[in-house]
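Just below is one structure, and these are the notes that go with it.
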Amino acid sequence: MRIQNKEISRRDIMSAGLVGGLFAVGASALPSLANASSFVAPRDNTAQHIAFRNQHTGESFNGAYKVGGRYLPEAFQKINYIMRDFRSGESFPIDPRLMDILFTVRSKAGIDTPYELLSGYRCPKTNARLARNTGGVARNSLHMTGQAVDVRLPGYSSRKMSKIAHGLRSGGVGFYARSNFVHMDTGQVRYWT
């Protein structure tokens, strides 16, 4: 396993097959967030909850995904399934930091409405087809590595949500006004409209 700047890359983790081990070790094994002070951090042993409904399948998740700084493997089994590529049926491990971003954005928005999930994981074949036929789809999308999500918060401005997410400086944020959704990912910090 390659260690750079005292952080383990996601690719290294996946290559070594240690995703399950990370859940057992807890959040301390994951790379730090770019601007951790922007994140809502509950006191030790309190649960962080996330709620979303998949617009395409009608399936939903509403529960704790992290307790006392430790990610819950049982929760991520459900999250991975609900965020699967609904076109192909393939699922993939979702980056736990993505849930931290969603949790914090919703907390800072002061709203407890479940997210409406438009797109989570996309298999390479689905992504290639969308990139050919749809504007705004990156050929090397982080959706293909479980690091991106497209969502909206019913009853809350997507523009405001994108500004909150951008203020976290924890990854990429795209605001799609015409389709009224926000893209969030755990990649490099960047913003687009």
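Some observations on this one:
- Loop trypsin sites (Lys or Arg not before Pro), the range 147-193, which have at most 16 other Cβ atoms in a 10 Å radius of their Cβ (DSSP): 169, 178
- In the range 50-146, trypsin sites (Lys or Arg not before Pro) in a DSSP loop with at most 12 other beta-carbon atoms within 10 Å: 139
- Note on residue 157 and residue 190: the model spin-label points, each 7 Å out from Cα along the C-beta direction, lie 2.6 nm apart.
- Debye equation applied to the C-alpha atoms of the range 63-193, log10 I(q)/I(0) at 0.12, 0.22 Å⁻¹: -0.43, -1.47
- The gain in end-to-end length when the residue 134 to residue 87 segment is fully stretched comes to 15.4 nm, 0.36 nm per residue minus the alpha carbon separation.
- Overall form of the range 140-186 per C-alpha gyration tensor (a/c, 1.5; a/b vs b/c): oblate
- For residue 125, a cut-off of 29 angstrom between C-alpha atoms picks up these lysines, skipping any fewer than 8 places away in its own chain: 78.
- Using R0 = 35 Å, the C-beta based FRET efficiency linking residue 178 and residue 125 works out to 0.85.
Coordinate-derived values only; no laboratory data. In this text the structure is predicted, and so the values were computed from the model without any measurement. Every residue, glycine among them, receives a Cβ derived from its backbone with ideal geometry; neighbour counts consider all protein chains shown.
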